[in-house]
Each structure stands twice: as C-alpha cells, then as structure tokens.
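Engineer: Below: one structure in structure tokens.
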Amino acid sequence: MRIIYSLIWWLLLPIILVYFGWRAIGDSRYRSGLMQRFAFYPAGLKDKVQGCIHIHCASMGEVNAAAPLIKALKQAHPHRIFVVTTSTPTGAEQVNRLFADDVIHVLAPLDGFFSSWRFARYFKPQTSIFTEVELWPNWILALKNQHTKLFLVNARLSKGSCARYWQFRSLFLPVFRCFDKICAQNKTIEKRYQRFTPKVVTSGNLKFDVKLPDYLPEKTAEFYQQHNLKRKVWIAASVHPDEYQQVISAHQQILQQHPNALLILVPRHPERFAEVAQYLKQQTNLEFVSRSSLQPVTESTHVWLVDSMGELIAFYALAHIAYVGGSLVDVGGHNPLEPAALAKPILMGPNQTNCADICAQLIENGALRVVNNADEIAQQLLAWLASDTELHQAALAATDVVMCNQGAVQKTMHVIEGKFSI
C-alpha cells in the first residue's frame, strides 16, 4: 500500500508544482521556501542540526498550541538544537515571531519517498514530535528508519478520520506503530487511537495552557490611548470567505441599535486582506480603517480591519465579545481559548470539528453560544450587550473552563521525558 501511496505522490508532482508556482506569483513566501519542500537545505547547516529535537506543527494554530511545550523542552535542554517544521508560511512566520533565533525553522517536506528520506538523512533527529493530526506515512517511516524517537502530542482524531484510517489500515497501521507514545487530548480520542496502537495516554489539550503575553497590558493601554475605543466593541477573528460577509451583515444590524459600536475584523489569511477591504469599500456604506494604515479609529469608524499578523491576542483584549471564525464555513472552527483566557463571551458557528471538545466544554458552561447565520450573530450580540449580568456570567465561565483544564504541558513533558528520555 505504501508503494501505491508513494506512486500517487509522483503522479501528482506536476500538479503540486503548478500549485506552488501559482501561489508564488502573488506570495513570495511560497517562492523562497520551495526547495525546502523537497528537502534541499543549505549544506553548511547539516553538521549543526544532526541529532536535533524536531517538532512539527502544521500551521499557525498548531504553532501557538505547541509553543508552551517547545519552551518547556528548551528550558529542560538549553544546549540542544531545536528544529521546528511547519507546512504553511503563516506557521513559519509565527515560529519566527515566537522564537526568533532560539530555534531553526524549515518548511516540512512533501510526503514523497525521496523528500522524506532526504529530510531524515539530513537532520537525523534524536527525537521528533508531531502535533495534533499530522500523520505523514513516508516522513514518519523514514524518521523511524533513522532510529528517531517519535511522539504524537496533543493528538486529536475525529470519528470520521478514525474510520478512514481504518479503511486504509494497511498504509496507516505501520505509521501508528512507529510512535513511541501518542498523547491524546481526552479519553474519547485515546480510545480511538487504541484501535491502531496500545501506546496511547491521555495528557490533555495543550491549547488550554495558553499563557497571556507579558506585553499585553501595555499594548492594550497603547491602543486605548491612540484610538477611540470607549464604546461597544466586538471582534470577529480568523474569518474566511463566505463568513466575513455574514459578520459584516450582523454588524450592520447591531449598528441600528448601537450606532457607536465597533467591529474589529480579522481575516484568517493575509491574501484575503485586500479582498475584505474591497468588499467593505464597494458593498457597504461602513466607515473603516485598516491596521496597516496606522490611522486612528475615530468616533465615525464602524470597522477596524486588522490586516496585520501576530497581534490577534491584543485585539481580543480590546473586545467585549468574540466571534471565532472558520465555524460558519466548512473549515472546522479555530481555537476559542485565547478569548476564553481573556474572559470574553464567545460566539461560533456550528462547524467545530477542529476543537469539538473545547467548544463542548465552553457551551456546557455557558461561555459559548452557537450561531448559524448573520441574524443569529446579531441577536446574540444584542442580547449580551443588553445584559451586563449575562455578559459577566459568560465571561467568568470562559476563564473557569480554561483554568480547570490546564496542566497538559506538564503531563506531556512527563510522557516524553519520564519514560522516554530525550
């Protein structure tokens, strides 16, 4: 089965090259990292990185979740070289923002046979740690052939994915068996992984161990000094196409009752910044300013368009209520724990597969409400804005859920270091 899988990669290679070429036309980040996707790295780096501790995170969300674990590992092993791989440029940028020169970042190789083999031979990691649902057969098997200790941490596995892996078990069973240990987010997920391997424990969800940055109070004070923010403010974060339009429509309804309300609108991907700005300009009569323009938010501003990266948590801190995107569209929902840690009542759409356990707990405790369209967003926002008591109760519930679930970093470190010393 693995031979067929690898052959499919070879057959798809022309399409993959066309895709990266197309992305590179409008985004230089895809040009600069193209060779790394085929595991071609500078020759001078090889001696430095061999025997490293390697952590793979798919994109920005996984980087944020793994950041406390990476910091804990670095503190425990200050003299080791750490290599972090990501699959996307946004993930790469987040690694650079969080760790700068403290880690070496490269883009993850495509899961073809030769690129996976080249990565394993070049880095020869002593330990490789994959996050969440990153199961790449050729890459993982190539690392195992180099006698690398392998861990899957913060592991999640939906019921549907479990069934698909079982359907192709001749390919994936050898992959699951490569891992020295799998750290599942909860008991339900642990039971699903046990179908493939007994080497599974529940260590909790790393995302609950969110640490608010030390600069946040100063940054928040700076925003209040520079902008008119003493009014009703809500944020729609990590929104996608076919979602930001509904958010804007909801805000137009809110303005009918709260003419001074401000929406902080944060598209998920940088390539959508200009598209959202164009939509606001051509399809609405809303006054907006973009973050990149550095113009102040004034009394007449209806929307603050955040077309910058790495500042989301500071904008969450400014809002009274947070809508978390990727949930009104078929993306699976983005992580709601940053606004929860900041005591923000949360709205999300029904698509929450990427964070189902987190959302279930927030819903059960009254911190999160599910909305299905623009009208329901507006209705729930107006209800919370009309009742300080309900708003306060939802805010307290959000922080309670976060605090009650913390400790996953310590448990994961114990699994990695306690029984399987790195």
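The values are calculated or read from the model by the stated rules, or taken from the named source; none is laboratory data. Worth saying up front: this structure is predicted, and the values here are computed from it rather than measured. Note that each Cβ is placed from the backbone with ideal geometry, even for glycine, and that neighbours are counted across all protein chains shown. Note: areas computed on protein heavy atoms with side chains; ligands, DNA, RNA excluded. Shrake-Rupley method; radii C 1.70, N 1.55, O 1.52, S 1.80 Å.
Engineer: With an 8 Å Cα cut-off and a minimum separation of 6 or more residues, compute the relative contact order for the chain in percent.
Structural biologist: 13
Engineer: Right, another one. Could you compute how much accessible surface Asp214 exposes when probed at 1.4 Å, giving the result in Å² to the nearest 10?
Structural biologist: My reading of the accessible area for Asp214 is about 130 Å².
Engineer: Please identify, among Val276, Val324, Val266, the residue showing maximal mean-square fluctuation in a Gaussian network model of the chain using a 10 angstrom Cα cutoff.
Structural biologist: Maximum among the listed residues: Val276.
Engineer: Right, next: With θ set to phi - 60° and the Karplus curve 6.51 cos²θ - 1.76 cosθ + 1.60, what are the ³J(HN,Hα) couplings of the stretch 362-373 in order, to the nearest whole Hz, using x for Gly and Pro?
Structural biologist: Along the stretch 362-373, the couplings run 5, 5, 4, 8, x, 8, 10, 10, 8, 10, 10, 6 Hz.
Engineer: If you project the alpha carbons of the stretch 127-221 onto their three principal axes, what span does each projection cover, largest first, in Å?
Structural biologist: Principal extents (largest minus smallest coordinate, Cα): 56, 31, 19 Å.
Engineer: Over the stretch 239-346, give the accessible area per residue in Å² for a 1.4 Å probe, as an integer. Don't skip to the answer; put the middle values down first.
Structural biologist: Numbers: 3980 Å² over 108 residues.
Here the residues of the stretch 239-346 average 37 Å² of exposed surface.
Engineer: Starting from the 7 Å offset along Cα-to-Cβ, what nm value, one decimal, do you get for the label separation of Gln295 and Ala24?
Structural biologist: Placing both labels 7 Å beyond Cα along the Cβ direction yields 3.7 nm.
Engineer: What full-extension length gain, to one decimal in nm, is calculated for Phe40 and Gln379 as 0.36 nm per residue of separation minus the Cα-Cα distance?
Structural biologist: 116.7 nm
Engineer: Sticking with this one: What is the Rg over Rh value, at two decimals, for the stretch 220-304, using alpha-carbon atoms and the Kirkwood definition of Rh?
Structural biologist: Working: Rg = 12.3 Å, Rh = 13.2 Å.
Dividing the radius of gyration by the Kirkwood radius yields 0.93.
Engineer: What is the pair-distance distribution P(r) of the stretch 310-422, computed from all Cα-Cα distances in 10 Å bins starting at 0, with each bin given as a whole percent?
Structural biologist: Once binned at 10 Å, the Cα pair distances of the stretch 310-422 give 14, 41, 30, 11, 4, 1.
Engineer: Just the C-alpha atoms of the stretch 1-76: what Rg/Rh do they give, with Rh taken as the Kirkwood radius? Write out the running numbers ahead of the final one.
Structural biologist: Numbers: Rg = 16.5 Å, Rh = 15.6 Å.
Using only Cα positions, Rg/Rh for the stretch 1-76 is 1.05.
Engineer: Another question about this same structure. Just to confirm my numbers, what's the Cα centroid distance between the stretch 113-184 and the stretch 3-57 in Å?
Structural biologist: Comparing the Cα centres of the stretch 113-184 and the stretch 3-57, I get a distance of 18 Å.
Engineer: Something else now. Just how far, in whole angstrom, is the stretch 374-407 from the stretch 206-257 if you go by their alpha carbon centroids?
Structural biologist: The stretch 206-257 and the stretch 374-407 have Cα centres separated by 14 Å.
Engineer: Show me the three semi-axes of the equivalent ellipsoid for the stretch 164-260, from the C-alpha gyration tensor (sqrt of 5 times each eigenvalue), largest first, rounded to whole Å.
Structural biologist: Output for the stretch 164-260: semi-axes of 45, 21, 11 Å.
Engineer: Next up: Using helices alone, what [θ] at 222 nm do you get for the chain, with -39,500 (n - 2.57) per DSSP H run of 4 or more residues, divided over all residues and rounded to the nearest 500?
Structural biologist: On the way: 19 runs with 199 residues, N = 422.
Mean residue ellipticity at 222 nm (helix-derived): -14000 deg cm²/dmol.
Engineer: While we're on this one: Please work out the Kirkwood hydrodynamic radius for the stretch 314-363, using every pair of different C-alpha atoms, and report it in angstroms with one decimal place. Provide the component values of the computation, followed by the final result.
Structural biologist: Numbers: mean 1/r = 0.0929 Å⁻¹.
One decimal place: 10.8 Å for the Kirkwood radius.
Engineer: Would you please calculate the Kirkwood hydrodynamic radius of the stretch 25-150 over all C-alpha pairs and express it in Å, rounded to one decimal? Walk me through the numbers before you get to the answer.
Structural biologist: On the way: mean 1/r = 0.0690 Å⁻¹.
One over the average 1/r among Cα pairs gives 14.5 Å for the stretch 25-150.
Engineer: Please give the solvent-accessible surface of Leu12 in Å², to the nearest 10, using a probe radius of 1.4 Å with every protein chain present.
Structural biologist: Approximately 80 Å² of Leu12 is accessible to the 1.4 Å probe.
Engineer: What relative contact order, as a whole-number percentage, does the stretch 291-377 give when Cα pairs under 8 Å and 6 or more residues apart are counted? Could the numbers behind the result be given before it?
Structural biologist: Details: 116 pairs, mean separation 19.4, N = 87.
Averaging sequence separation for qualifying contacts and normalising by length gives 22 percent for the stretch 291-377.
Engineer: Classify the stretch 94-168 as rounded, prolate or oblate from the Cα gyration tensor: take a ≥ b ≥ c as the square roots of its eigenvalues, call it rounded if a/c is under 1.5, otherwise prolate when a/b beats b/c and oblate if not. Write down the numbers at each step before the final one.
Structural biologist: Values: a/c = 2.03, a/b = 1.30, b/c = 1.57.
Here the stretch 94-168 falls in the oblate category.
Engineer: Find the accessible area per residue for the stretch 135-195; the probe is 1.4 Å, ligands and nucleic acids are left out, and the unit is Å². Numbers along the way, then the final one.
Structural biologist: On the way: 2700 Å² over 61 residues.
That works out to 44 Å² for each residue.
Engineer: Place the peptides 140-151, 27-38, 81-92 in order of packing, highest mean first, counting for every residue the other Cβ atoms within 10 Å and averaging per peptide. Can you show the working numbers first?
Structural biologist: On the way: 140-151: 19.3, 27-38: 15.8, 81-92: 21.7.
Put in order of decreasing packing, that is 81-92, 140-151, 27-38.
Engineer: With springs only between Cα atoms under 10 Å apart, run a GNM on the chain and tell me which of Leu305, Leu13, Leu347 wobbles the most.
Structural biologist: Of Leu305, Leu13, Leu347, the Gaussian network model singles out Leu13 as fluctuating most.
Engineer: If you don't mind, another one. List the pairs from Lys187/Lys411; Lys46/Lys181; Lys48/Lys149; Lys207/Lys411; Lys74/Lys181; Lys149/Lys191 whose alpha-carbon separation is above 25 Å, in the order I gave them. Mind showing how you got there, number by number?
Structural biologist: Values: Lys187/Lys411 14 Å; Lys46/Lys181 28 Å; Lys48/Lys149 19 Å; Lys207/Lys411 13 Å; Lys74/Lys181 20 Å; Lys149/Lys191 23 Å.
Beyond 25 Å between Cα atoms: Lys46/Lys181.
Engineer: From the convex hull of the Cα coordinates of the stretch 76-234, what is the mean projected area in square nanometres?
Structural biologist: Convex hull of Cα atoms, orientation-averaged projection: 12.9 nm².
Engineer: Using each residue's phi in the stretch 113-121, evaluate 6.51 cos²θ - 1.76 cosθ + 1.60 at θ = phi - 60° and report the 3J(HN,Hα) Karplus result to the nearest Hz, with x for Gly and Pro.
Structural biologist: Each residue's phi maps through the Karplus curve to give 5, 6, 5, 5, 5, 5, 4, 4, 6 Hz.
Engineer: Quick one: length gained pulling Asn372 to Gln393 fully straight, 0.36 nm per residue minus the C-alpha distance?
Structural biologist: 5.3 nm
Engineer: In the chain, carbon and sulfur make up what percent of the accessible area (probe 1.4 Å)? Kindly include the intermediate steps, with their values, before the conclusion.
Structural biologist: Values: 10110 of 18790 Å².
Ligands and nucleic acids excluded, carbon and sulfur reach 54 percent.
Engineer: Can you compute the modelled spin-label distance between Gln253 and Arg2, with each label point 7 Å from Cα toward Cβ, in nm?
Structural biologist: A separation of 5.4 nm, rounded to one decimal place.
Engineer: What percentage of all Cα-Cα pairs in the chain are separated by more than 28 Å?
Structural biologist: 51
Engineer: Taking only Cα atoms and a 10 Å spring cutoff, compute GNM fluctuations for the chain and point out the largest among Ala236, Ala314, Ala343.
Structural biologist: Ala314
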